[in-house]
1. As a check on your grasp of the helix formula, calculate [θ] at 222 nm for the chain: sum -39500 (n - 2.57) over DSSP H runs of n ≥ 4, divide by the residue count, round to the nearest 500.
2. Classify region 142-187 from the C-alpha gyration tensor, please: rounded if a/c falls under 1.5, else prolate or oblate depending on whether a/b exceeds b/c.
3. Using 18 Å as the Cα-Cα cut-off, could you pick out the over-long pairs in 161/187; 112/134; 140/187; 86/112; 134/180?
4. Rounding to the nearest 10 and keeping the result within 0 to 90°, find how far the Cα-based axis of helix 81-98 lies from the longest principal axis of the chain.
5. With labels modelled as points extended 7 Å from the Cα through the Cβ direction, what inter-label distance (nm, one decimal) is found for residue 66 paired with residue 22?
6. So for the pair residue 176, residue 161, with labels modelled 7 Å out along Cα→Cβ, what separation do we get in nm?
7. I'd like to know which of 126, 145, 106 lies farthest towards the positive end of the charge dipole of region 103-146, counting +1 on Cβ of Lys and Arg and -1 on Cβ of Asp and Glu.
Amino acid sequence: MEEQNTDAKERIMNTVIKLLLEQKDVSRITIRQIAKEANVNSALINYYFQSKENLLNMAVETCMTDIANEMSGKNSNNTDPVARLKTMIKDISAFAFNNYFLSEIAISAELKNGSFTTTRIILPVLAEVFNGEKTESELKLIALQLIVPLQVLFLNAKKYKSYLVSDIFDEKQRNQMLDKMVENILK
């Protein structure tokens, strides 16, 4: 029975991830649709995930974590940790803007819950940048100083465009701003 329940929970999660990637409009995904495609009873979805919002947040976090882990491994051949950090921040940002609908959900949920997922990704590189000069607590604070403003900028990109005199939707302008942010925080 336990194996059957684990299988159903996994099918539900895989179905939601598939629907998120296909539909791009979260409001159109229904519990009934998820249940039908996962071949489960809708009560089972509520049992495992308590709500559609919870389920969507968990599915988006799973997607974002997988992508972030892929990005962090992608830059491991660059020996300069500052350059790697800048590249990671730019890659995370590019992914967010290229997958706006998923990122909006993930970032909103992450801000509500402490921004720990994204900060954990950059912590190892920050440790290399400071090479033992900072405590773990100081590194976590620096990670938050980098990530939280980026998340706020992302969620309010149109509003910050005139304030920053920079178009965050333009990749070149965004990358210049991101490099400057990293440099300012690492000073």
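1. -26500 deg cm²/dmol
2. Numbers: a/c = 2.19, a/b = 1.42, b/c = 1.55.
Here region 142-187 falls in the oblate category.
3. Details: 161/187 25 Å; 112/134 27 Å; 140/187 16 Å; 86/112 25 Å; 134/180 21 Å.
Check vs 18 Å cut-off fails for 161/187; 112/134; 86/112; 134/180.
4. 40 degrees
5. Computed distance between label sites residue 66 and residue 22 equals 1.5 nm.
6. Output for this residue pair reads 1.7 nm.
7. 106
Since every read-out is calculated from the coordinates, none of them should be taken as a lab result. Because the structure is a prediction, the values reported are computed rather than measured. Neighbour counts are summed over all protein chains in view; Cβ atoms, including those assigned to glycine, are modelled from backbone coordinates with ideal geometry.
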